[in-house]
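Have a look at the structure below, then the notes.
A short reminder: the numbers here are calculations on the coordinates, not readings from a lab. Since this is a predicted model, take the numbers as computed values, not measurements. Don't worry about glycine lacking a Cβ; one is built from the backbone with ideal geometry, like all the others, and counts go over all protein chains shown.
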């Protein structure tokens, strides 16, 4: 009886969709240096740092400050203050998962996994992290549409999402419409800012 042996295959690609579909593990390389290794779902949703986020094509990359709920808090959640711009104009406070790895008030960069976000035509008073947004632009791409949303409280920021064209049609969404974006705490991935 012959024994079969699995032969590992290495695929080098710049096509992120191809890497997601075909790879068991991905290695993110930059200038010959390995920046992050792991299963595609983990690497693409939880980049190690801002450079990895940039290389894996994460469009929704922002700045802010992290605050825990206090030393006695056992809820597992903290607070992320999302800065509007460098002048300090506007901010939004988001509930986020506290992994107990960041100092109080730490300056952070953060990304959000678009596939975990929900959008609706009406606000849900019970939902945490719900932002009223103006739909600034829709670029139809067949079954999906690339959409740009501007949070009402942070007019200098924008969130880019791939949304189902059919779902947008059901919402009656057109440029200028107000939609409500729900950001689940687990959709936010926070990275410390490296102090130079």
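Brief remarks on what is shown
- For residue 15 and residue 162, the FRET efficiency from 1/(1 + (r/R0)^6), where r spans their Cβ atoms and R0 equals 22 Å, is about 0.85.
- Neighbour-count ranking [beta-carbon atoms within 10 angstrom, fewest first] of 152, 34: 34, 152
- Residue among 50, 174, 113 with the largest mean-square fluctuation in a Gaussian network model of the chain, springs linking Cα atoms under 10 Å: 174
- For the chain, the Kirkwood estimate of hydrodynamic radius, built from reciprocal distances between every pair of different alpha carbons, is 18.7 Å.
- Least to most buried among 131, 171 (fewest other Cβ within 10 Å first): 171, 131
- Global size of segment 1-86 as Cα Rg and Dmax, reported in angstrom: 18.6, 68
- Percent of alpha-carbon pairs separated by more than 19 Å within segment 21-134: 58
- Between 17, 162, 60, the residue with the greatest mean-square fluctuation in the GNM of the chain (Cα pairs under 10 Å linked by springs) is 17.
- Whole-number D in µm²/s for segment 114-182 (Stokes-Einstein; Kirkwood sum over Cα pairs; 37 °C, 0.692 mPa s): 273
- Among 75, 120, 4, the ranking by other beta carbons within 10 Å of each residue's beta carbon, starting with the fewest, stands as 4, 75, 120.
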